[in-house]
Amino acid sequence: MSINSFGHLFRVTTWGESHGPALGATVDGCPPGVAVDEAALQGWLDARKPGQNKYTTQRREPDAVRILSGVFEGQTTGTPVQLLIENTDQRSKDYGDIKDKFRPGHADITYFQKYGIRDYRGGGRSSARETAARVAAGGLARAALRRLAPAVSISGYMVQMGPHKIDRDRFDADEIARNPFWTPDAVAAADWALYLDGLRKSGNSCGAVIEVVARGVPAGLGAPVYGKLDTDLAAAMMSINAVKGVEIGEGMAAAGLTGEANADEIFLGNDGQPVYSSNHAGGILGGISTGQEVVVRFAVKPTSSILKPRQTITRQGAATEIVTRGRHDPCVGIRAVPVGEAMMACVLLDHLLLHRGQIGDAGGRLG
């Protein structure tokens with residue numbers, strides 16, 4: 001059972017644990033002739049790696065990626081691409097005190113209930129460290145998209161930290177790279193810094209909402225009924241560690257709109273392509289891309305490893321108290337931004353390959 005794999009034609013299998021010697025991804029189905037090397041992938045991993053500022057875990061991992069197969073003379077060969085990232089700064093001793101306790105909010109108890117054994121060193125496979133492999137695979141997907149659909153661009157950013165949201169009237173795309181929170185609102189970034197400082201010093205944490213937008217996506221990606229583009233996007237984002245909610249376009253807010261307000265009116269543009277009055281649908285109708293921006297948001301829960309005492313039980317069933325020490329993100333949503341971008345890239349490439357294989361150059365023409 002491929003429960004550690006996702007994708008149809010562009011298929012990614014991640015492997016490894018938070019405190020094992022290494023983790024990585026095996027990527028099958030990448031088209032041949034895609035220009036890629038380790039340096040090209042490393043840029044994306046550098047955006048996700050820990051220890052870059054005081055607002056993320058102080059675990060110091062270089063996240064240096066190695067390509068072990070599937071690339072020759074700077075190009076993919078069409079065979080499986082093996083990506084390796086070594087763990088170099090594990091402190092497994094930090095978890096010795098909790099090896100027989102289940103951390104509230106973590107997958108400790110469910111992993112034990114399912115498998116009868118649990119890797120207590122940082123959570124094993126349930127750790128957010130697993131997402132480094134996804135980002136490496138996403139870098140490969142971006143390289144393939146550059147060759148097959150060069151108009152596609154993907155951008156992620158944080159729109160909410162805890163209860164605090166951005167002001168979209170202050171949206172500045174250039175601001176995203178200027179602050180540690182990947183937010184397009186400079187005022188919000190300053191406010192969030194103070195808010196997170198207080199939480200961090202008190203040993204607490206908070207959640208976040210991330211928005212990922214893909215531009216230049218061709219119309220026609222996705223298929224009814226079980227191969228919908230939004231179905232796979234929702235599954236991909238929900239599979240990210242600590243994600244508890246996903247929405248496309250207007251999402252949950254669509255329930256508060258009337259049909260008149262929610263419908264994106266359609267006009268014919270001068271170039272013979274449809275033009276929409278709005279994008280409440282998030283660029284997807286009936287599971288198929290419209291050619292508009294594809295908009296996805298996901299909610300990341302507060303980091304469960306906190307210094308606040310919590311009640312729990314031991315493996316033997318005894319009541320006890322737990323404080324999770326070690327190095328943890330006060331808001332794990334910060335480093336989820338490049339992960340969301342990576343998952344968007346993987347899903348879009350997968351659906352582009354599916355569309356090309358089934359439809360080719362066929363498709364409806366307007367006018």
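No other residue among VAL275, VAL296, VAL225 is touching a residue at least 60 places away in the same chain (Cβ under 8 Å) and not in a loop (DSSP other than H, G, I, E, B) apart from VAL296. Of the residues contained in region 192-202, none is found to be farther than 29 Å from PRO104 by Cα and not in a helix (DSSP H, G or I).
Here region 190-226 is the region considered, the condition is being β-branched (Val, Ile, Thr) and crowded, with 17+ Cβ neighbours inside 10 Å, and the residue that is farthest from HIS328 (Cα to Cα) is VAL217.
Here is the figure for region 340-367: residues that are in a loop (DSSP other than H, G, I, E, B) and either closer than 15 Å to GLY156 by Cα or in contact with a Leu (Cβ under 8 Å, 6 or more places away or on another chain) (or both) total 2. Starting from region 117-129, keep only residues that are farther than 15 Å from GLY105 by Cβ and hydrophobic (A, V, I, L, M, F, W, C), then list their pairs with residues that are in a helix (DSSP H, G or I) and at pLDDT 85 or above whose Cβ atoms are within a distance under 9 Å, requiring at least 6 positions of separation or different chains. If the second residue must be in a helix (DSSP H, G or I) and at pLDDT 85 or above, the pairs left are ILE117/TYR111. Of all the criteria given as (1) within 27 Å of GLY29 (Cβ to Cβ); (2) touching a strand residue (DSSP E or B) at 6+ places or on another chain (Cβ under 7 Å); (3) of a type outside the set (Gly, Ala, Ser); (4) crowded, with 23+ Cβ neighbours inside 10 Å, the one not satisfied by VAL295 is (4).
Of the strands (runs of 3 or more DSSP E) that lie entirely inside region 65-180, not one contains 3 or more residues that are small (Gly, Ala, Ser) and open to solvent by 50 Å² or more (accessible area, probe 1.4 Å).
Cβ-Cβ distances below 9 Å connect the following pairs, each with a first residue in region 304-324 that is within 16 Å of PHE112 (Cβ to Cβ) and open to solvent by 50 Å² or more (accessible area, probe 1.4 Å), a second residue that is of a type in the set (Lys, Arg) and not in a loop (DSSP other than H, G, I, E, B), and a separation of six or more residues or different chains: ILE313/LYS101; ARG315/LYS101. Remark: pairs (first residue in region 328-353, over 27 Å from ALA149 (Cβ atoms) and open to solvent by less than 10 Å² (accessible area, probe 1.4 Å); second residue polar (S, T, N, Q) and not in a loop (DSSP other than H, G, I, E, B); Cβ separation under 9 Å; 6+ apart in sequence or on different chains) = GLY333/GLN160. In region 270-292, of all residues being at pLDDT below 95 and farther than 24 Å from HIS351 by Cα, the one that is most open to solvent (accessible area, probe 1.4 Å) corresponds to ASN270.
The values are calculated or read from the model by the stated rules, or taken from the named source; none is laboratory data. Just so it is clear, the structure is predicted and the values come from calculations on it, not from any experiment. Cβ atoms come from the backbone with ideal geometry, glycine included; neighbour counts cover every protein chain shown. Protein only, heavy atoms only, side chains kept; ligands, DNA and RNA dropped before computing areas. Shrake-Rupley method; radii C 1.70, N 1.55, O 1.52, S 1.80 Å.
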